[in-house]
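The values are calculated or read from the model by the stated rules, or taken from the named source; none is laboratory data. Values in this document were obtained by computation on a predicted structure and should not be read as measured data. So basically every Cβ, Gly included, is an ideal-geometry build from the backbone, and we count neighbours across all protein chains shown. For accessibility, only protein heavy atoms count, side chains too; no ligands or nucleic acids. Shrake-Rupley method; radii C 1.70, N 1.55, O 1.52, S 1.80 Å.
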Amino acid sequence: MSEFSTSTESIPAEHDAATSQEHAPEAAASVDKIRDIIFGSQIKNYETRFLRLEENLNRETAELKETMRRRFESIEAFFKSESEALAARLRGEREERTSSLTDLERDMKESHTNFSKRLNDIDANARDGDSALRKELMTESRKLLDEISQHHDSLRSLMEMRVSELRTQKTDRAFMSDLLREMASQLDHEEASKSE
């Protein structure tokens with residue numbers, strides 16, 4: 001009995017599902033009609049608004065694309081003109097620097113030639129001056145040697161004379177100090193005459 005009851009119970013459930021599927025399009029249409037009656041004017045209003053928004057959005061997007069295209073073209077033209085101006089300026093500066101370097105190189109060569117010439121002249125003058133200076137120094141040194149030998153001889157003779165006087169006389173300390181003072185003053189006098 002339980003098997004029969006379960007099979008009979010499943011038949012109405014299947015039958016209800018089949019009938020509901022057959023009536024689904026009709027139910028959907030009736031639901032649409034009810035919805036159209038209740039919300040019809042609002043939905044149409046929303047659809048109109050959405051259409052206007054879509055048109056505005058399409059128009060503004062097209063305007064934005066056009067504006068962006070024009071701006072990009074103007075930026076591209078600006079960069080192109082600026083790069084050409086910069087390239088021209090760089091070419092001018094390069095030519096100016098090349099010219100300046102050529103002038104500087106020429107001036108350096110001329111300066112080097114002039115400097116070498118003056119250095120050779122100074123060297124020749126120095127050689128001539130050195131030989132004249134050497135001759136003068138030799139002459140002065142001979143004179144000085146002669147004076148030194150004369151003073152040396154005079155001091156020697158004075159010393160010999162004083163020594164012989166000391167030998168012949170017995171002297172005391174006062175005479176000896178006078179003698180040494182006299183020798184010192186004579187030496188000072190000779191050194192002063194040498195420095196003159």
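Annotation: extensible slack from S100 through A126 equals 5.6 nm (criterion: 0.36 nm per residue apart, minus Cα-Cα distance).
Taking 22 Å as the straight-line reach from the Cα of K33, the lysines in range (excluding those fewer than 8 positions away in the same chain) are K44. The slack in the chain from M159 to E136, taken as 0.36 nm per residue of separation less the alpha-carbon distance, amounts to 4.9 nm.
Here the simple spin-label model places points 7 Å from the Cα toward Cβ, and for Q186 and A77 these points are separated by 11.5 nm.
For region 54-196, the gyration tensor built on C-alpha atoms gives an oblate shape. Its axis ratio a/c (a ≥ b ≥ c) is at least 1.5, and a/b is not larger than b/c. For region 43-102, carbon and sulfur atoms together expose 57% of the accessible surface, with a 1.4 angstrom probe and every protein chain in place.
The distance between label points at A88 and A174 comes to 11.5 nm (points 7 Å beyond Cα on the Cα→Cβ vector).
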